[in-house]
1. Heads up, I need the accessible area for Phe300: 1.4 angstrom probe, whole protein in place, Å², nearest 10.
2. Roughly what % of DSSP beta bridges within the chain run antiparallel, to the nearest 5?
3. Which of the residue pairs Lys250/Lys339; Lys49/Lys353; Lys130/Lys216; Lys250/Lys341; Lys252/Lys353 have a Cα-Cα distance greater than 31 Å in the structure shown?
4. Residue by residue, what Karplus-based ³J(HN,Hα) values in Hz, rounded to whole numbers, does region 332-343 have, using 6.51, -1.76 and 1.60 with θ = phi - 60° and x for Gly and Pro?
5. When only C-alpha pairs under 8 Å and at least 6 residues apart count, what is the relative contact order of region 29-156, in percent?
6. Where only protein heavy atoms count, and the probe is 1.4 Å, what is the accessible area per residue for region 280-327 in Å²?
7. Percent relative contact order of the chain, based on C-alpha pairs within less than 8 angstrom and at least six residues apart?
8. Using a Gaussian network model on the chain with a 10 Å cutoff between Cα atoms, which of Ser366, Ser104, Ser256 fluctuates the most?
Amino acid sequence: MSKKMPAQSLLKYFKRSSPSYKRSNSTPRIVMSFASLGSYRLNTMLGLKRHFGDNLEVYSGDKAPEPSIRLIQSEDFDHIIVKNYILAHAVVIQSIPFFTYLKSDLLVMDLNPRMPCVWILLILRRLARKRTLLWGHAFPRAGQESRSDIVRSRMRRLSSGVICYTRTQADQLTKIHPSLPIWAAPNALYLREDFMFDEESIRDSFIYVGRLHSEKKPLLLIEAFEQLLAVRSGLRLVIVGAGPLSEQLKRKVETSPAADSVLILGHVEDYSVLKTLYSSAIASISPGYVGLSVTQSLSFGVPMIISRAEPHAPEIEAVEDGSNCIYFRTDDVHDLSQKMKQMVDDRQAWRAKGAEISNACGSSYSVEAMVSGLVDALEDRSS
């Protein structure tokens with residue numbers, strides 16, 4: 001049975017809730033500001049807008065530091081786009097309505113030390129005793145023990161509270177800053193009703209969904225798949241994504257003995273297309289570090305093969321070795337190929353777990369859960 005697109009489903013879901021909130025003199029005005037708003041945030045932002053109505057204004061930059069990230073368009077979500085000036089692919093200078101930010105009763109900004117305006121507003125609003133929240137990765141990619149966390153720690157301490165991407169990070173941060181309010185809003189892509197496992201489909205492929213970037217190591221996947229086809233025929237590899245390695249990956253596939261079994265689709269956001277692709281997948285694969293795609297894969301009941309020793313994104317908390325994923329030795333093409341072969345040989349056992357994997361992921365990583373965590377933070381409910 002066909003399902004609606006996530007944005008449509010989201011609107012349908014929230015129509016069943018209370019009417020949109022109208023701005024009043026007794027309710028603080030909320031401003032949310034982002035370096036950029038990736039398209040994967042659309043469902044969450046629609047949910048927040050539905051809850052807060054005209055009391056919420058959202059601003060975001062016109063370009064992302066990483067060019068391959070697709071942004072939410074103004075016609076899809078009513079927000080104000082500001083000019084970004086990106087220096088050395090990292091520092092983001094934004095042309096923002098500074099006094100609007102300064103005067104708002106509540107300001108939510110990226111937890112991003114590379115944004116000078118965030119530092120300035122944190123200091124000025126702290127002096128003015130105005131509530132300012134930070135939302136983002138609690139720690140640097142290298143982890144909480146890295147030297148660079150000293151800078152991020154200073155930024156956190158200037159805020160009125162922090163919203164983390166996972167409950168694990170929220171717990172870790174609470175131990176470091178016991179007096180600072182911390183909330184978890186687990187990263188999510190889909191509504192709870194969109195979590196599903198196709199019980200009837202034929203599963204004969206592996207799928208990679210993510211940016212085609214050196215940190216993601218998609219070229220390693222092609223080599224491992226070539227080795228797999230030498231011992232297990234009739235399989236396909238589907239690659240979904242775009243990025244700086246796109247052309248190099250295409251050239252590698254063109255000259256590969258596995259060329260006829262590899263499908264490169266580029267960037268795909270359409271839920272119905274992704275659902276179809278995942279419905280034929282034995283497993284998804286993360287040859288480099290894991291990001292948000294892990295919860296996407298698990299939402300469809302598809303286990304993931306993951307590189308063990310990587311600076312994974314916080315979403316790694318969703319995986320459990322042997323239950324919804326297996327690990328391979330980092331950068332080891334042969335071991336990745338062996339783990340893919342293991343998945344093929346055990347595909348019926350993994351199929352039997354599919355519904356369980358999807359349901360478990362849906363209980364924690366749905367849009368409803370993410371919106372609920374953000375609403376708690378914005379309304380200053382107990383963390």
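1. My reading of the accessible area for Phe300 is about 10 Å².
2. On the way: 6 of 48 bridges.
Rounded to the nearest five, the antiparallel share is 10 percent.
3. Values: Lys250/Lys339 24 Å; Lys49/Lys353 36 Å; Lys130/Lys216 40 Å; Lys250/Lys341 24 Å; Lys252/Lys353 34 Å.
In this structure, Lys49/Lys353; Lys130/Lys216; Lys252/Lys353 exceed 31 Å between Cα atoms.
4. 9, 4, 4, 5, 4, 4, 5, 5, 5, 4, 4, 5
5. On the way: 190 pairs, mean separation 29.3, N = 128.
Relative contact order of region 29-156: 23 percent.
6. Working: 1050 Å² over 48 residues.
Accessible area per residue: 22 Å².
7. Numbers: 710 pairs, mean separation 59.8, N = 383.
Computed value for the chain: 16 percent relative contact order.
8. Ser256
The values are calculated or read from the model by the stated rules, or taken from the named source; none is laboratory data. It should be emphasised that the depicted structure is a prediction, and the values quoted were computed from it without experimental measurement. Quick reminder, even Gly has a Cβ in these numbers, built from the backbone with ideal geometry, and neighbours come from all protein chains shown. Note: areas computed on protein heavy atoms with side chains; ligands, DNA, RNA excluded. Shrake-Rupley method; radii C 1.70, N 1.55, O 1.52, S 1.80 Å.
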